[in-house]
Amino acid sequence: MKKIQNTIIILALTLGIIGSANSQAFVKVGGKALDIAMSPKDGSVYVVNASRNVKKYSSSTKKFQVFGTQAKNAKSIAVHPNGSVYMVSSGNEAFIDVKGKWIKIPGLKIDEIDIDKSGNVRATDLAGKLYKLNGGKWQPISNVNFNTTGFNQVVALDSRILFARFKDNTFKTFNGSIWKTLNGKPLKITVDDKTGKVYAVGRNKGIYQWFDNTQKWVLIKNTRKDLKDVAVN
């Protein structure tokens, strides 16, 4: 996807919608999707389609095209700053795409992968605990997991700043030492690696931006209200 100067590109999942936070426009694209991700490297858009295969959006053909081996068992995806694509299977196993083939990363049953702007790869296990991939092995992050009941989702800006949806639906941020409870109970969250801004699908299924100075979520102008996932670049 072509990058636009000073514009955040938002991909919101209903049947697949691409929009610009500045122009406040959403344009529907073809196909259905179960999960979405955007490449920090070049803005490319990836989805897990209804057949549980990974596809990549072509800005020239305006269609999603086959990406990697079509194993029909993909559950969710994430993209590394270097452009590498990670996938979680329907069997809760992690894979990385290497020259068109999905290579398994063993050792942990996981729910979802998140990759921060520094390239740190993290994943939540089925109990909601957070792990980091280090030297090809999953290691628990003790200070983050300490005194928590588990996470529904964790996204990180870098090695220190994290945001999470907890099992009790609370929204919190981690500053390197402790978790702080913030306002709201979003359904899905994502962070813009460049600006550090946090976006979410709210309870009314619209897209919101978090403003730290006011400690409030603000509904993006002209957002749709039938969304279930969001990714930014």
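What does the helix-only formula give at 222 nm for the chain: each DSSP H stretch with n ≥ 4 adding -39500 (n - 2.57), the total divided by the residues, and the result rounded to the nearest 500 deg cm²/dmol? Walk me through the intermediate numbers first.
Values: 1 runs with 4 residues, N = 233.
Dividing the helical sum by the residues of the chain leaves 0 deg cm²/dmol.
Remark: for residue pairs K32/K180; K56/K129; K28/K109; K167/K225; K28/K137, the C-alpha separation exceeds 32 Å in K32/K180; K28/K109; K28/K137. Restricted to Cα atoms, region 104-233 shows a radius of gyration and a Dmax of 14.5, 44 angstrom.
Ranked by the mean number of other Cβ atoms within 10 Å of their residues, highest first, the peptides 140-152, 221-233 fall in the order 221-233, 140-152. Candidates N175, G43, A78 compared by Cα position along the dipole of the chain: farthest toward the positive end lies G43, with charges placed on Cβ. Straight Cα distances below 18 angstrom link K72 to the aspartates and glutamates D35, E93, D97, D111, E112, with same-chain residues fewer than 8 positions distant left out. Rolling a 1.4 Å probe over the protein heavy atoms gives the chain an accessible area of 49 Å² per residue. Got a number for carbon plus sulfur as a percent of the chain's accessible area, 1.4 Å probe? Carbon and sulfur: 49 percent of the exposed surface of the chain. Every Cα-Cα pair in region 34-142 was counted, and those over 22 Å apart are 27% of them. In a DSSP loop and with at most 13 other Cβ atoms within 10 Å, the trypsin sites (Lys or Arg not before Pro) in region 42-81 are K62, K72.
The values are calculated or read from the model by the stated rules, or taken from the named source; none is laboratory data. Every value quoted in this text rests on a predicted model; they were computed, and no experiment measured them. Note that we place each Cβ from the backbone using ideal geometry, even for glycine, and neighbour counts take in every protein chain shown. Surface accessibility is based on the protein's heavy atoms, side chains included, excluding ligands, DNA and RNA. Shrake-Rupley method; radii C 1.70, N 1.55, O 1.52, S 1.80 Å.
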